[in-house]
Amino acid sequence: MKIQILTAFLALAVSSVASARQFTLVKGSGYAIEPLYGYETVYRSSPSPHIATRAMYGVRLSAGVDLLSGEAEYSRASDTETFSSAPEKIYHEDENYKLGIRSTYRFNQYFFSSARLGAQATKGFEESTSSGVTTRKEKDLKYNPYAGAQVGLKLGVFSVNLSATMVFRDYSDLSKNDVQHTLSFGVGY
């Protein structure tokens, strides 16, 4: 299923590059499609408070002008933690949906930087195994604000981007917030 989604996405991205100029409505406006890969650091409160780091992947779509663009992002992350006492194993899987805005500053025709902010919806589940018995618990849908920064290199219609984004879950203790670091390869005008 994942390979089918990625194949469909790549076919869409390649075909959209060929016809991208038709969709550019205003001079200076455009769009970008970015497959994402990275890691995120998340706070866990059980079985004891700790930080977990896990791989993530997804896709980001942005459209607009440099001064103000809209963005939508989907990402997925999962990890398994093993403990010496009960529960012996906990598997976490989360899907994140972001909707926000970004503003881009171009240093020259190659290098750029962006600031972004918006809201993230997260849903997922947790499976814990204790004495051979596995229990699955669906996590409640949660909404949290996010803010981040991105730097990139643009070569024609292609770009390479590095970004860091913080998802604010607890304003009183910033160590309990999620931090996502991503590498993405964009295509678009």
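Rule-based calculations on the coordinates, nothing more; no lab input. Given the structure is predicted, the values throughout are model-derived calculations rather than measurements. All Cβ positions, even for glycine, are placed from backbone atoms using ideal geometry, and neighbour counts span all protein chains on display.
In straight Cα distance, which aspartates and glutamates are under 18 Å from residue 137, not counting same-chain residues fewer than 8 positions off?
Residue 137 reaches 79, 81, 88, 93, 94, 95, 126, 127.
Taking the Cα-to-Cβ direction at residue 45 and at residue 103 and moving 7 Å from each Cα, how far apart do the two end points lie in nm?
3.5 nm
Could the peptides 147-154, 94-101 be put in order, highest first, of the mean number of other beta-carbon atoms found within 10 Å of their residues?
94-101, 147-154
Under the Kirkwood approximation applied to all pairs of distinct alpha-carbon atoms, what is the hydrodynamic radius of the chain in Å?
18.0 Å
What are the ³J(HN,Hα) values, in whole Hz, obtained from phi via the Karplus relation 6.51 cos²θ - 1.76 cosθ + 1.60 with θ = phi - 60°, for each residue of region 89-106 in sequence order, with x given for Gly and Pro?
Per residue, the Karplus-derived 3J(HN,Hα) values read 9, 10, 10, 10, 9, 10, 10, 10, 10, 10, 9, x, 10, 8, 10, 10, 10, 9 Hz.
Grab the beta carbon distance between residue 117 and residue 176, set R0 = 22 Å, and tell me the FRET efficiency rounded to 0.05.
Given R0 = 22 Å and the Cβ-Cβ separation, E is 0.70.
Any chance you could tell me what percent of the C-alpha pair distances in region 72-156 go past 18 Å?
60 percent
Working from Cα positions, state the angle (0 to 90°, nearest 10) between the long axis of helix 2-18 and the longest principal axis of the chain.
So the inclination is approximately 10 degrees.
Short version: ³J(HN,Hα) in whole Hz for each residue of region 72-83, in order, from phi by Karplus 6.51 cos²θ - 1.76 cosθ + 1.60 (θ = phi - 60°), x for Gly and Pro, what are they?
Per residue, the Karplus-derived 3J(HN,Hα) values read 9, 9, 10, 9, 9, 9, 8, 7, 10, 10, 10, 10 Hz.
For region 159-176, take each phi angle, set θ = phi - 60°, evaluate the Karplus expression 6.51 cos²θ - 1.76 cosθ + 1.60, and give the result in whole Hz per residue in order, putting x for glycine and proline.
My calculation for region 159-176 gives 9, 10, 10, 10, 9, 10, 9, 10, 9, 7, 10, 8, 6, 7, 9, 5, 6, 8 Hz in order.
Evaluate E = 1/(1 + (r/R0)^6) for residue 151 and residue 86, where r is the Cβ-Cβ distance and R0 equals 41 Å; express this FRET efficiency to the nearest 0.05.
With R0 = 41 Å, the Cβ-Cβ based efficiency is 0.40.
Taking R0 as 35 Å, what's the FRET efficiency between residue 138 and residue 160 from their Cβ-Cβ distance, rounded to 0.05? Write down the numbers at each step before the final one.
On the way: r = 37 Å, r/R0 = 1.05.
Computed FRET efficiency for residue 138 and residue 160 comes out at 0.40.
For region 134-174, which semi-axes, largest first and in whole Å, follow from the square roots of 5 times the eigenvalues of its Cα gyration tensor?
33, 17, 9
Could you rank the peptides 131-144, 77-90 by their average count of other C-beta atoms within 10 Å per residue, with the highest value first?
Numbers: 131-144: 10.0, 77-90: 14.0.
Highest-to-lowest ranking by the protection proxy: 77-90, 131-144.
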